[in-house]
Amino acid sequence: MKLRNTLLAASAVMAMLAGGVQAKTLVYCSEGSPEGFDPAPYTAGTTFDASSRTIYSRLVEFAPGTTNLVPGLAESWTISDDGLEYTFKLRPGVKFQTTDYFTPTRDLNADDVIFSFDRQGNKDNPFNQYVPGVSYEYYTGMGLDSMIKSIEKVDDLTVKFTLNAPNAPFLADLGMDFASIVSKEYADKLMAEGKAADFNNQPIGTGPFQFVAYQKDAVIRYKANPDYFGTKPHIDDLVFAITTDAAVRAQKLRANECQIMPYPAPADIDGLKADPNLTMMEQPGLNVAYLAYNTQVAPFDDVRVRKALNMAINKQAIIDAVFQGTGIVAKNPIPPTMWSYNDAIKDDPYDPEAAKQMLADAGVTDLHMKIWAMPVQRPYMPNARRTAELMQADLAKIGVTADIVSYEWGEYLKKSTDVNRDGAVILGWTGDNGDPDNFMNVLLSCNGIGGSNRAQWCDKDFQALLDKAAATSDVAERTKLYEQAQVIFKEQAPWLTIDHSTVFMPMSNKVTGYVMSPLGSHDFSNVDITE
Amino acid sequence: MIKFILGRLSYLIPTFIGITIVAFGFVRILPGDPVLLMAGERGMTPEHYADMMQRLGFDRPIWQQYLEYLWKLLHGNFGDSIVTKQPVLSDFLTLFPATLELAFCAIIIAVVIGVPVGVLAALKRGSWFDQTTMTAALVGYSMPIFWWGLLLIIFFSGILGWTPVSGRISLLYYFPTPTGFMLIDSLLSGQKGAFASAASHLVLPSIVLATIPLAVIARQTRSAMLEVLGEDYVRTARAKGLSPRRVVGVHALRNAMIPVITTIGLQVGVLMAGAILTETIFSWPGIGKWMVDSISRRDYPVVQSGLLLIAGIVMIVNLVVDLLYGLINPRIRHS
C-alpha cells in the first residue's frame, strides 16, 4: 500500500513535470547564503534578496529600475509643513501570507507598522531581543533611533511618525530593507509558544512570494503569494540555488541549471555576452570608490597637495587595467544615476607635469606617503592592491614615494577611521536608499569624522549645504544644494574619486520582465519565463 | 585487547582539552572581530561597538569566556552562531551528512583505485605502467583543487554535458531529507530519477576530492608493497611453491596494508581540508563551506565549536585506525 502510494505520488510529480499544467519555475543562482530571513538585524544584500525583496513589503517602495519612491503598503502619505510629522494611510485589505506554519486571522493594520519599528528602536519591546544578542544595525546606522520621536496609531489604517528634527531622507529610509513590515500577530503567537527564534527561520510577510523551505547553504524555495496585494507574480515557483563561486554560476547558467545570476566574474563577461542563449543586462552601480586623504595631517591638510596627487594619477588606466572596462571614471562623490549629480563639474585632469609644479608650489619635496589597499573585493573595487600599485607607479613619476599597506578587513575598516591615520585609504560605498544624503552626509560630513568620513574632512560651507538640504523636502531645492556641495567637494579634493563600477546581470533569453535595480537588489516579482 | 582500547581512549581526554584551547584561541588570534565586520564601511560609534561586544559577551576576560565555553560544552551546548543565531550543533548536524557522503565516496574511489594501482605498480616495477601511474600520482598530489574542479566542470558539464554543474540534486526534485544523505533520501522519496540525479551530482565532486588521497594511497601502497616483497618471508613463501596470487594477496598485501591503513586514516584529515575547496566549487552544502564562511565572518562560536566537532571526528577516525592496526598486526596490540 505504502509503495503504491509512493508510486502514485511519484507519477503525479512526473505528470506535473511533463504535462501541460507545468508550474513556471525560475531558478536564480544566488551568490551566497542568507544570514536569516528577518531583514531587520542584517546588512547584507544577499540576505535582503532572500528575505525583504521576496517575502516582505514596505510602506513605500522604490519603483522598479529607479530610486523614486512609490506607494507600497502605504497608499498615500502627507508630510507636515514643518517636516516633522509623516502620516501614512495604509492600504486596506492587505493579507499576510498563509503558510503551513501560520494562518493570519486579520489584515495588516497600524499595529504591525508600529511593531516593525518599535521592536528595532525600543529596547523594552519584548521582541527587541527575540534571540539574545540581536542588534539592528541599519536602524541605528541610518540614525532612526535618534531621528524618530514617536510612532502613533491614529486609527487602524493610519500611522503617524513624529521626528525630532526635519529630515528629508527619512521617507527613502522607509523604502529600505530593514523597514520591511512584519506581522505583529505572528510575532505574538511565536512569543506565546516560546518559539520566538523561528521568526528568523520561518518568515511571514506581505510580499510577492512566500517562503516554502530553506535547505541550509543549498536551496531556498518560494512560491507565488496568492494573496499578494500588488500585481501577482508571473512565475509560480522561485528557487534560489546558492552558488558562491562566480565561474560556477556562469557554468550553471549556460547549462540552464539556473536562468539568471548576479555578479559574474569580470573575466567571464565577454564569454557570457557572446553566448546566443543568454542576454546580458548592465547598468552603472549606485556606488563610488575613492582614495581618501587624511585632511587633518600635514601635508595633506594643504588642498594644493591633494589636488596635485589627484592630477598625478591616471584614473582611466586604472579602469582599463583593474576593471577591464567594467566601470567608469568618477569625478563626483555620487554616481551619475543619482539625482542631483552635477555633470557640469570638470574632473582634475591627468597632468603629471602640472602636478609636479603644484607640489613644488606647495613647498612639498621628497614626499613619502602610504596608500592603504583593502584586502577584499567589493562591488565598487575588484582589486584594491592592483589599483594601489598603479597609483604608486603614477606617483613615482612626480617624485612621490608611496608604500602600500593593508590589514585584515575588520582591522582595515577600524584603523582607517582613526583621525591621526597615516596614509590615504582606498575604500568605497554602495548606496542604501538612492538619496544623495546617503552618500555625502555619511561619507563627508563633519560628524562623520573619526567614523565613516575617512578623509577626516570638515568644511563648514559644505556642511551647511548638506544640513539645509536635509531639512527641506522639496526635491528641486535639494538638488540645487547638493549640486553646489559637489562644487565645493571638487575644489577641496578630500578624495581622489576613482570609479563607479558597472553591475552586470546575465540571464537566459527565456527570462522576460527583469528590471535591474540601481540599488543592487534583485527582485523577481515582475519576471516571466517563456518556454 | 580491552586494555589496548582503554589505553587508546585515555589519550582522547587531553587531546580533547587541547583542541578546545586551540579552537577557542585560533579564531581569536585572527585580527578583526565580528562586530567590526558587521559594521562594514559605515563603521559604528565606539559606544555602539562597546554595547555590541558586551551583548555578545566578548568584552569579558578571555579566560572567563573560555571557561564558560568549556562549561557549556560539558553540558552539550555548543553555542549559537552570532550571524544566523542558529545553534551550532544543529547546523553541524544538518550539514555534516553532505560532507560525509562526499568524503565517503571520495575515499572509496581513492582506495578502490589507489590500492590495486599501487600493488600493480610495485609488482611491475620499472614498467611503463609503473612509471605512468606514479607520474600521474605525482601530478594528482600537486593538483590545485580549485583549478582542477573548475576544469572538470567546464569539460564534463559545460562542453560534454555529461554531469550537472553543481549542487546535490536537480532542483526539480523536492522531498524531505530525514537522513541528510542524498543518495539514501532520494531512494526513500520514491521519486523516479531522484537517485540517478543525486548520484550524477556526486560524480565530479567525489573525483575532485579523491584526487589527492588517491595519489597518496597509490604511492604509499607501491612503496609498502616493494618493501614487503623484498622480505625473507615472501621469498620463503615463494620458495615453498605457493601460487604468486597467494604470495602477493595474503603474505605480502596483509603486511603492506599496515602503513597503507595509517595513510588512509590520515587522509581523513586531508579530506576535511579538501572538502573546504571542493564544497565551495560545487556549491556542496557541507561543513567545509560553512567553516570558511564562518571564519571570514569571525563567527567565533561556529568556528570554535565547528573545529572541535571536526577535530573530534578526525580523532575518532584515528582511534578506529589504531584499533584496526591492532586487529591486523598483533605485535602492536601487545606492545
Candidate set from the range B:53-74 (those that are part of a helix (DSSP H, G or I) and not hydrophobic (A, V, I, L, M, F, W, C)); member that is nearest to the other protein chains (Cβ to nearest Cβ): B:ARG55
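Each row is one residue, and each column tells you yes or no for (1) polar (S, T, N, Q); (2) surrounded by fewer than 17 Cβ atoms within 10 Å (Cβ to Cβ); (3) without any contact (Cβ under 8 Å) to a residue 40 or more places away in the chain; (4) assigned to a helix (DSSP H, G or I).
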position	(1), (2), (3), (4)
B:TYR233	no, yes, yes, yes
B:THR236	yes, yes, yes, yes
B:GLY241	no, yes, yes, no
B:ARG246	no, yes, yes, yes
B:ARG254	no, yes, no, yes
B:PRO259	no, yes, yes, yes
B:THR262	yes, no, no, yes
B:ALA273	no, yes, yes, yes
B:GLY79, sole failed condition from (1) at negative phi; (2) touching a residue at least 40 places away in the same chain (Cβ under 8 Å): (1)
Meets criteria (among the polar types (S, T, N, Q) and modelled with pLDDT under 90) for B:GLN54: yes
Count of residues meeting criterion [within 14 Å of another protein chain (Cβ to nearest Cβ) and assigned to a loop (DSSP other than H, G, I, E, B)] in the range A:198-233: 6
Sole exception among (1) closer than 30 Å to A:LEU253 by Cα; (2) among the hydrophobic types (A, V, I, L, M, F, W, C); (3) part of a helix (DSSP H, G or I); (4) touching a Gly at 6+ places or on another chain (Cβ under 9 Å) for B:VAL292, by number: (4)
Residue count for the range B:29-52, restricted to those that are part of a helix (DSSP H, G or I), surrounded by fewer than 16 Cβ atoms within 10 Å (Cβ to Cβ) and under 38 Å from the mean Cα position of the chain (by Cα): 1
Unique residue being under 26 Å from B:LEU308 (Cβ atoms) and within 26 Å of the chain's Cα centre (by Cα) when the list is B:MET257, B:MET272: B:MET272
Whichever residue in the range A:234-243 is surrounded by fewer than 21 Cβ atoms within 10 Å (Cβ to Cβ) and in a loop (DSSP other than H, G, I, E, B) and, among such residues, is farthest from the other protein chains (Cβ to nearest Cβ): A:HIS234
Number of the condition not met by B:SER283 [criteria: (1) at negative phi; (2) within 14 Å of chain A (Cβ to nearest Cβ); (3) touching a Gly at 6+ places or on another chain (Cβ under 7 Å); (4) modelled with pLDDT of 85 or more]: (1)
Any hit, the range B:140-156, residues being away from chain A (no Cβ under 14 Å) and assigned to a helix (DSSP H, G or I): yes
Tally of residues being more than 8 Å from chain A (Cβ to nearest Cβ) and within 16 Å of B:TRP284 (Cβ to Cβ) across the range B:171-185: 5
Failed item, numbered, when B:GLU227 is tested on (1) touching a Leu at 6+ places or on another chain (Cβ under 7 Å); (2) more than 14 Å from chain A (Cβ to nearest Cβ); (3) not aliphatic (A, V, I, L, M): (1)
Test result for A:GLY20, modelled with pLDDT of 95 or more, in a loop (DSSP other than H, G, I, E, B) and over 29 Å from the mean Cα position of the chain (by Cα): no
All positions within the range A:402-423 that are more than 7 Å from every other protein chain (Cβ to nearest Cβ), of a type in the set (A, V, I, L, M, F, W, C) and touching a helix residue (DSSP H, G or I) at 6+ places or on another chain (Cβ under 8 Å): A:ALA402, A:ILE404
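The values are calculated or read from the model by the stated rules, or taken from the named source; none is laboratory data. No experiment lies behind these values; they were computed from the predicted model shown. FYI the Cβ positions are ideal-geometry reconstructions off the backbone, even for glycines, and counts take in every protein chain you see.
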